[in-house]
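The values are calculated or read from the model by the stated rules, or taken from the named source; none is laboratory data. These numbers were taken from a predicted model, which means no experiment stands behind them. All Cβ positions, even for glycine, are placed from backbone atoms using ideal geometry, and neighbour counts span all protein chains on display. What goes into the accessible areas is simple: the full protein's heavy atoms, side chains included, and nothing from ligands, DNA or RNA. Shrake-Rupley method; radii C 1.70, N 1.55, O 1.52, S 1.80 Å.
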Amino acid sequence: MKKLIVIFLLSLCFTANTFSQNRYQIYNVNKDIEVIKIMNNTYLHVSYTSMPQHGRIGSNGIIYINNGQAALFDTPMNKNLTKGLVNWIQDSLQVKIVLFVPNHWHEDCIGGLAYLNSSGIDSYANEMTIQFAKSKNLPLPHYGFKDTLTLHLGDKKIFCEYLGAAHTLDNIVVWLPSEKVLFAGCMVKELKSSNLGNTVDGDLKAYPETIKQVLEKFHNADIVIPGHGLFGGLELLKHTLDLCSFK
């Protein structure tokens, strides 16, 4: 077993008082990946990639564990980063990854899907995500769903739901009820974002209605995780809704 390297305990400051005093363990996987333990069974993985027009960008995903098994949500942008993350999860957390679900079809969600498929990990996705991936000759998830999907990780439930177009036409949200964690992905922006970011594959007209539906359905979420940047609470959804009026 590889030794867990704890970099430090970092106090992450958010506008919501709920988060201002929390401290989170951060693990250094390698120079391009870090993992943050945000709940007893939930970890945020952040992978960094340099892009010509935007510089070094961090992309978020989730690791959810229960009884020796793990579910992975979104991969890093490429095979090598994904392989490094998978090896760390298996060696350091001592769990077996048994399922994967991407938020949408972009590279920061399925960039490592081919590697996961070759590793025998079951993958599930919105049917629209599969169709987009197929049209662009990208690796395909094994199983598709329409609107909603309930998965089981041991005795814990995972809910995947499509509530409408926003950042992309196919973006979903993942709800972990036992943790009260909502992985909203790239449709939700961190508090310091001043705009909705890349919407070339999205739907600006549908965007605010989708966010409203997410807010209404998951109003009891304690933690909301965006596709990029710092996580927080429901204020991230409200901030994103405000940004829709400045699109």
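Considering the conditions (1) on the phi > 0 side of the Ramachandran plot; (2) in contact with a strand residue (DSSP E or B) (Cβ under 8 Å, 6 or more places away or on another chain), Cys160 is excluded by exactly one of them, (1).
Say whether the condition of being modelled with pLDDT of 95 or more, in a strand (DSSP E or B) and not aromatic (Phe, Trp, Tyr) is met by at least one residue in the range 79-93. There is no residue in the range 79-93 that is modelled with pLDDT of 95 or more, in a strand (DSSP E or B) and not aromatic (Phe, Trp, Tyr). All of Leu138, Leu113 fail the test of being open to solvent by less than 10 Å² (accessible area, probe 1.4 Å) and under 21 Å from Thr49 (Cβ atoms), apart from Leu113. Among the candidates Val6, Val29, the residue that is at pLDDT below 95, over 17 Å from the mean Cα position of the chain (by Cα) and over 25 Å from His239 (Cβ atoms) is uniquely Val6. Does Ile97 meet the test of being aliphatic (A, V, I, L, M), at negative phi and either in a strand (DSSP E or B) or modelled with pLDDT under 95 (or both)? Judged against the criteria, Ile97 is a match.
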